[in-house]
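Everything on this sheet refers to the single structure shown next.
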Amino acid sequence: MDENRLYESQEEGYSVCARYRERLPDLIEGYLDAMTAEAIRAHLSVCFMCSRVYDEMERTIKLVETLPFVDPRVDFGPSIMTAISRQENSHGPRQWWKWRPRRE
Amino acid sequence: MVNEFTARENRTIAVVMEQTDALIVQRTLRGELNAYNELVQKYQRQVYNLAYRMLTSADDAGDIVQETFIRAYTALGSFRQDASFLTWLYKITSNLCIDHMRSRRAKGALSLEVELEEGREPAADRSTSPEDVVVRGAVGEIVQKAVMNLPDKYRIVVVMRHLRGLSVEEIAEELNLPSGTVKTHLFRGREMLRERLSGVLEMETDGRK
């Protein structure tokens, strides 16, 4: 599809596309009012290049959000629990109740 | 068989998990230290991944995991159950990561604050081609590398938005920045990722044809 077919000149087409593309992140985030969002969607339905950019933006977000977790090389549990026990014990057994997690 | 839950079932699971966490917190507050280890075992992976993606160093992320759980234990009494325990842990982790980045930059030329507020535009990294994707291995690794190579100011907001699921306004509040600045960093960071992941996106597009 010719991306500029709706416009008088190529330059006009580019500047119109540039204005729409500036708003694509806001469309993705849902920041636009219904009228503006609809106008951009209408443009996307006829502009191959802008709809490709929009599609790539959405897929980039999906790639980041579905990025698998990496596994830590060690179990941090023992060292954390040792540090907490040491912190409590260092204040002496008679004051143990003072070093429980603070209740507010 | 893939285990898929409906949205309603997922909400139920989340509520049950939050109630379970609340019970474990109560047991810990009553002095049952071992109960806290259950929370460590349950959430250390999530906390590690948040720290790793914010700091891009496995060693630093490990230190932050330990510091997060020790701080959380000390402040457990102030944990309000209006948010989930993980949300609370994530907030502690983010704050520690940002403090860590500040101290890491203490001797550097540009402070984190300056970079977050304005900063220099980072040098463009090369994008991937579909051939790179095939040669350099799994898509996940390429995406991971692209996120890790983002400049700090962009990576922080991308991770907070898309890993922690915070809104722009929530990020702005945590980072003490105007919402407009957060939006700009978020959008520029995502654009940089789109450019760097062009090979992956192209390969996906070809696969869909």
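A few comments on the model shown:
- Taken one residue at a time, the phi angles of the range A:42-53 give Karplus couplings (6.51, -1.76, 1.60, θ = phi - 60°) of 4, 5, 4, 6, 10, 10, 4, 5, 5, 5, 5, 4 Hz. Gly and Pro are set to x.
- Shielding by partners - mean other protein chain Cβ count within 10 Å, residues of A:52-58: 3
- What the Cβ-Cβ distance of B:Thr20 and A:Arg73 gives, at R0 = 25 Å and to the nearest 0.05, is a FRET efficiency of 0.35.
- Taking every C-alpha pair closer than 8 Å and separated by at least 6 residues, the mean separation divided by the residue count of the range B:135-195 gives a relative contact order of 35 percent.
- Rounded to whole Hz, the Karplus (6.51, -1.76, 1.60) HN-Hα couplings of the range B:94-102, x for glycine and proline: 4, 4, 5, 4, 5, 4, 4, 5, 4
- Per-residue mean of foreign Cβ neighbours for A:79-86 is 5 (Cβ atoms of other chains, 10 Å radius).
- Here the 3J(HN,Hα) profile of the range B:53-60, calculated from phi with Karplus coefficients 6.51, -1.76 and 1.60 at θ = phi - 60°, is 6, 7, 9, 6, 9, 5, 5, 4 Hz, Gly and Pro shown as x.
- Ranked A:Phe76, B:Phe187, criterion: other C-beta atoms within 10 Å, fewest first: B:Phe187, A:Phe76
- Estimated FRET transfer efficiency (B:Asp99, A:Glu22; beta-carbon r; R0 41 Å; 0.05): 0.70
- Evaluated with a Cβ-only charge set (Lys, Arg +1; Asp, Glu -1), the range B:20-65 carries a dipole of roughly 200 debye about its Cα centre, given to the nearest 20.
- Inter-chain shielding of A:15-25 (mean C-beta neighbours from other protein chains, 10 Å cut-off): 1
- Each residue in B:Asp152, A:Asp55 was given a count of other beta-carbon atoms within 10 angstrom of its own, and listing them fewest first yields A:Asp55, B:Asp152.
- Computed E for A:Phe48/B:Glu169 - FRET, C-beta separation, R0 41 angstrom, nearest 0.05: 0.75
- Extension reserve of the A:Ala34-A:Ala83 stretch, reckoned as 0.36 nm per residue once the Cα distance is removed: 12.2 nm
- Virtual spin-label span in nm between B:Glu202 and B:Lys42, 7 Å along Cα→Cβ: 4.6 nm
- For A:Phe69, distant residues with modelled amide H under 5 Å away: none
Since every read-out is calculated from the coordinates, none of them should be taken as a lab result. Everything numeric here is computed off the predicted structure, so don't read it as measured data. Positions of Cβ are backbone-derived with ideal geometry, glycine not excepted, and every protein chain shown enters the neighbour counts.
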